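Read the structure below first, then the notes.
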Amino acid sequence: MKYITAFFMAWGNFITLPCPLKKWDNNLKNLMLAFLPAVGAVVGVLWMVLFVVLRSLNAPVSLASLVMVFYIFAICGFMHMDGYMDCMDAILSRRPLEDRQRILKDSNVGAFAVVTLVFLVLAWYATMNIALPVSDQISFLLIPVISRGMAGSFVLSYKPIGHSQYVEDYKQPNRGKYHAVVLVQMAVIVTIAVVFTYMYSASVLGAGVKTCLINMAILIIVQAIASFIACAYARKQLGGMSGDIAGYTICFSELAGIFTLALTQYYTEMFVMPI
């Protein structure tokens, strides 16, 4: 029962959709973080459905790209984008650590946050324009799962900043065991993606099984590396882990994912798929 409660706690915290089961247990906040991959799966399934609907309606690529990009930020209430902006404001201020930490928790929006947000959204939109016409839908399931799974693991692993909401949770013993919960979820979802690829690679994805699996592996590896680098850099600059850094990590991971998807699918269509 505690796993069900933790999952719906994660749903209620990290997805803007109405939560089917509203329950809360303060003792399960670490386990809640471990269910971020499952939250990513909910986000990803809906993203896949949106992709299929837009494609079936033959929506113009520019409009479809706007809808797809808006969805991935709106479904979580722009929470991760907010963390990205806070981190950018603090990191790019280039002030002493104490000042950077003060800026991180400041509710005011600074110039660095605005400027970097513009480039983030432009990068997403431009890349989505390339990815949409040539993409397979299963990648839209994997991208939010990998980003949230990595972020959840980092929050469970690293010491938080003094003002972080995770300070008390970090003191709980044996929190490392929740990494297994994260890994199991990610393994199950990746397995489902592999099975889907084997079943539908030619008819739905448009390419051979081997090519699709290679592209999938590249996507996962690039996202994992991007997540690790983004989190490590932010922790070094800000002196510890926090929810804002988790959001910052998710934004960079998913941008790396959609960029990788665009490149791999584009070159697959150009050089691998039969004319």
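Excluding ligands, DNA and RNA, what is the solvent-accessible area per residue of the chain at a probe of 1.4 Å, expressed in Å²? Write out the running numbers ahead of the final one.
Values: 12940 Å² over 275 residues.
Value for the chain: 47 Å² per residue.
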Discussion item. Compute, for the chain, the length of the dipole vector about the Cα centre, with Cβ point charges of +1 (Lys, Arg) and -1 (Asp, Glu) only. Units Debye, rounded to 20.
Written reply: 580 debye
Worksheet item: For labels at Asp25 and Glu168 in the simple 7 Å Cα→Cβ model, what's the distance in nm?
Response: 1.7 nm
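Of Lys2/Lys159; Lys105/Lys177; Lys29/Lys210; Lys177/Lys210; Lys2/Lys105, which pairs sit farther than 28 Å apart, going by alpha carbon to alpha carbon? All intermediate terms of the calculation are to be shown ahead of the outcome.
On the way: Lys2/Lys159 25 Å; Lys105/Lys177 30 Å; Lys29/Lys210 40 Å; Lys177/Lys210 34 Å; Lys2/Lys105 32 Å.
Listed pairs above 28 Å: Lys105/Lys177; Lys29/Lys210; Lys177/Lys210; Lys2/Lys105.
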Response to the item:
Comparing Pro160, Pro37, Pro173 in a Gaussian network model of the chain (Cα, 10 Å), the one with the largest mean-square fluctuation is Pro173
Worksheet item: In degrees, nearest 10, range 0 to 90: what is the angle between the Cα axis of helix 61-74 and the longest Cα principal axis of the chain?
Response: 30 degrees
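Go ahead and estimate [θ] at 222 nm for the chain from helices alone: -39,500 (n - 2.57) per DSSP H run with n ≥ 4, summed, over the residue count, rounded to 500.
Numbers: 12 runs with 198 residues, N = 275.
Using -39500 (n - 2.57) per qualifying helix, the result is -24000 deg cm²/dmol.
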Response to the item:
Of the candidates Leu36, Leu261, Gly77, the farthest towards the positive dipole end of the chain (Lys/Arg Cβ +1, Asp/Glu Cβ -1, centred on the Cα centre) is Leu36
Worksheet item: Relative contact order (percent) for the chain, with alpha-carbon contacts under 8 angstrom and 6 or more residues of separation?
Response: 27 percent
Worksheet entry | Amide N proximity, the range 15-37 versus Lys177 label position 7 Å along Cα-to-Cβ, cut-off under 20 Å | 25-37
Worksheet item: Zone of Ser62 (label point 7 Å along Cα→Cβ, backbone N under 17 Å): which residues in the range 123-148?
Response: 123-133
Practice prompt. Rounded to the nearest 10 degrees, what's the angle between the helix 2-14 long axis and the longest principal axis of the chain, both from Cα atoms, 0 to 90?
Written response: 90 degrees
Discussion item. I'd like the orientation of helix 243-267 relative to the chain: the angle between its Cα long axis and the longest Cα principal axis, in ° from 0 to 90, rounded to 10.
Written reply: 10 degrees
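Over the range 123-162, with every protein chain in place, what whole percent of the accessible area is carbon and sulfur at 1.4 Å, could you tell me? It would help to have the intermediate numbers written out before the result.
On the way: 600 of 950 Å².
With neighbouring chains kept in place, the figure for the range 123-162 is 63 percent.
The values are calculated or read from the model by the stated rules, or taken from the named source; none is laboratory data. Model, not experiment: these values are computed from the prediction. We place every Cβ from the backbone using ideal geometry, glycine too, and count neighbours over all the protein chains shown. Areas reflect the complete protein model, heavy atoms only, side chains present, ligands, DNA and RNA absent. Shrake-Rupley method; radii C 1.70, N 1.55, O 1.52, S 1.80 Å.
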